[in-house]
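In what follows, a single structure is set out as structure tokens and then discussed.
The values are calculated or read from the model by the stated rules, or taken from the named source; none is laboratory data. Remember, predicted model here, so these are calculated numbers, not experimental data. Glycine gets a Cβ as well: all are built from the backbone with ideal geometry, and neighbour counts include every protein chain shown. Note: accessible area is taken over every heavy atom of the protein model, side chains too, but ligands, DNA and RNA are not part of it. Shrake-Rupley method; radii C 1.70, N 1.55, O 1.52, S 1.80 Å.
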Amino acid sequence: MATKAAPDTRSVGVSPTVGSGDLRILQITDTHLFPRPASDDGYGLLAGVDTRASLGAVLDMALADTALPPDLLLVTGDIAQEPHSAAYASLHAAIAERYQGDVLCLPGNHDEPERAPATFAQRNWSKAGWQVLALDSHVHGEEGGALADAEMERLSVELEASQARHVLAAVHHPPLELASPLDHGRIKNGARLLELLAADGRVRGILFGHVHQAVYAEIGHLALYGSPSTSVQFKPLVGQFALDNQAPGCRWLNIKDNGEIASRVQRLADGSFPAQLS
Ligand SMILES: [Fe+2]
């Protein structure tokens, strides 16, 4: 395959500025929602951040321009901090208050998909020659990810059946090491996944969460996009895990008819929803 064993670290960073595109995808990730609203006793906070409130603020920011709503709102996992059905209901309520378009959700390591089967029932989305395939890298009881044999097989079958001219894959865990302290959380069989996606020839990029930071890398002709969390951020490119003081955010992709992608990260104002760093 025409991929490198590791990404060119020079290309890791925030991806290029967005241009005008044919379709718009808004990616939110790692919302880490609780079943009940935050309370004075500290319940509902993740490192001091009210995750329901930060999600609402990110959605307000991203969806402020009602003339340009996304064609797809993509939620790349760790939806729940406590995987109770009420946490998933709070995601849908927050979205429904602000957006009536298509939504595609996939599970992360904090999720328990069987608690919210309707949330994860849809597995792909298509429009105007593009297809987004949602992959399940969740492994029950484990922080790291893997694609089960059946999921890998489903991906092969979906790609074979797809009439799309361009494809994006979406998954919670990053498929390879990205010079991040969360490297141990990558997809165990990510090399096989990348090989399968690269071999198709129509797959333009992979969107993921889990790393709680903005990441952009290129491997062969595949673009890899990691999004900031709507809740707490992790410090990028450091040897040891640490929280970061950047504001919550999301990622936009403009995808064009000719297969080109332009992407940008959008964050709340500096100092919004500060995490307790220690
Ligand atoms: Fe997360």
P(r), alpha carbons of the chain - 10 Å bins starting at zero, rounded %
7, 32, 39, 19, 3, 0
Between GLN276 and GLU260, what is the spin-label point distance in nm, taking each point 7 Å from the Cα along the Cα→C-beta axis?
4.8
Cα-based shape type of the range 167-262, given that a ≥ b ≥ c are square roots of the gyration tensor eigenvalues and the cut on a/c is 1.5:
oblate
The longest stretch of the chain containing none of the GluC sites (Glu not before Pro) that sit in a DSSP loop with at most 12 other Cβ atoms within 10 Å is 143-278
What share of the DSSP beta bridges in the chain is antiparallel, in percent to the nearest 5?
50
Grab the beta carbon distance between ALA150 and GLU177, set R0 = 25 Å, and tell me the FRET efficiency rounded to 0.05.
0.45
Express the carbon and sulfur contribution to the solvent-accessible surface of the chain as a percent, rounded to the nearest whole number, probe 1.4 angstrom.
51
If packing is taken as the average count of other Cβ atoms within 10 Å, what order do 40-48, 128-136 fall into, highest mean first?
128-136, 40-48
Once each part is reduced to its C-alpha centroid, what is the distance from the range 153-168 to the range 246-278 in angstrom?
27
Full extension between HIS221 and SER85 adds, at 0.36 nm per residue less the Cα distance, a length in nm of 45.1 nm
Under 19 Å from a point 7 Å along the Cα-to-Cβ line of THR66: which residues of the range 241-278 have their amide N that close?
none
Report the net charge of residues surrounding GLY77, where surrounding means a beta-carbon distance below 11 angstrom and charges are Lys +1, Arg +1, Asp -1, Glu -1.
-4
Of all chymotrypsin sites (Phe, Trp or Tyr not before Pro) in the range 190-265, which ones are in loop regions per DSSP and have a Cβ with at most 16 other Cβ atoms within 10 Å?
PHE241
Which of these, GLY209, GLY56, GLY185, has the largest mean-square fluctuation under a Gaussian network model of the chain (Cα springs below 10 Å)?
GLY56
What whole-number value in Å² describes the accessible area per residue of the chain for a 1.4 Å probe?
41
